[in-house]
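Every number here is computed from the coordinates shown, using simple stated rules; none is lab data. Only a predicted model underlies this, so the values are computations on that prediction, with no experimental measurement involved. Cβ: placed from backbone, ideal geometry, glycine included. Neighbour counts: every protein chain shown.
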Amino acid sequence: MNNVRFATALHVLTLHYYVKDEMLTSEFIAGSMNVNAAVVRKEISNLRKAGLITTKEGKGGGTLLAKQAKDIRLSDVYNAIRQTSPLGKKNVPNPACPVGKQINAELDVLYNKAEEAMVSKLAATTLEAFCKPIIE
């Protein structure tokens, strides 16, 4: 699985932390990440919906942090981009098999516990704390 959505979103927010109150365009951000600007715009949309950044369209437009970096938790970032379990998808097993008919229920429990632990760990770190060692 090659999911870079969390890293992309965190890169966007980290650039904003360092540039402070300057509007950043998706093209500028994409240049820092060495990706297509469309990839950046998708994550910007998710971050905006989650209330982590604000956007202004048109000439002189771009994006800004919607709140202080000390008030953004890495769990907020994860929840903004989350689509599926970090452990991946489950199989569609044979319901006639004694294991197959039960395994997905147990996997649900396991996946939920693992994700709760990860989100709890991410909640312990702010964007500010994450950013500080990057350019010191």
*Take the alpha carbon atoms of the chain, find their radius of gyration, then divide it by 2.2 N^0.38 Å using N residues; give the quotient.*
1.28
*Using alpha-carbon positions, what is the distance between the centroids of the range 98-122 and the range 1-76, in Å?*
30
*Whose amide H sits under 5 Å from the amide H of Ile72, counting only residues 5 or more places off or on another chain, with H placed in the peptide plane?*
Leu127, Glu128
*Contour minus end-to-end for Asn3 and Ala37, with contour as 0.36 nm per residue of separation and end-to-end as the Cα-Cα distance?*
10.5 nm
_Using a Gaussian network model on the chain with a 10 Å cutoff between Cα atoms, which of Leu15, Leu24, Leu107 fluctuates the most?_
Leu107
_Total formal charge among the other residues, if their Cβ is under 13 angstrom from that of Gly100, Lys/Arg +1 and Asp/Glu -1_ = +1
*Neighbour-count ranking [beta-carbon atoms within 10 angstrom, fewest first] of Glu57, Glu22, Glu115*: Glu57, Glu22, Glu115
